[in-house]
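To start, the structure itself, in structure tokens.
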Amino acid sequence: MSHSDSHDHAAHGHDEHANHGSLRSYLTGFVLAGILTVIPFWLVMGHVFQSHWVTITVVLLLAIVQILVHVIYFLHLDTRSEGGWNMLSFVFTIVLVVIVLGASIWVMYNENTNMMPMSPQYQHNGE
């Protein structure tokens, strides 16, 4: 393999080691993931916020940040890997998951809201 062949091989994004992280990046991801795990645990166990909805919202936001940390530091997905196709397929997957989960929650909520009341013979009055 000549010098120009190896240059062409690397120039087309086929370098085997191009997307592998360094020890420093893995440690950074590990520390960030640890912090993003401890904070929600502390928020819930310490009853930091009075409102449960605030706690749930903060925990969900920290979960999204943790997903991004994993994608960047451990999966090494960015716009440069495989010419951007990896990131495009990841975004497409996220969009599909959001649509399916959102539609499922919407259907279940509407089913629950629009259910007819049970007939009196099936209701328990604590007797």
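We did not get these values from a lab; they are worked out from the coordinates using the rules stated. Everything quoted here is computed from the prediction, not taken from an experiment. Don't worry about glycine lacking a Cβ; one is built from the backbone with ideal geometry, like all the others, and counts go over all protein chains shown.
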> Once you put a point 7 Å from the Cα of M116 and another 7 Å from the Cα of V100, both along the Cβ direction, what distance in nm separates them?
Replying inline: 3.3 nm
> Hey, got the Cα dimensions of segment 24-127 along the principal axes, in Å, largest first?
Replying inline: 65, 37, 18
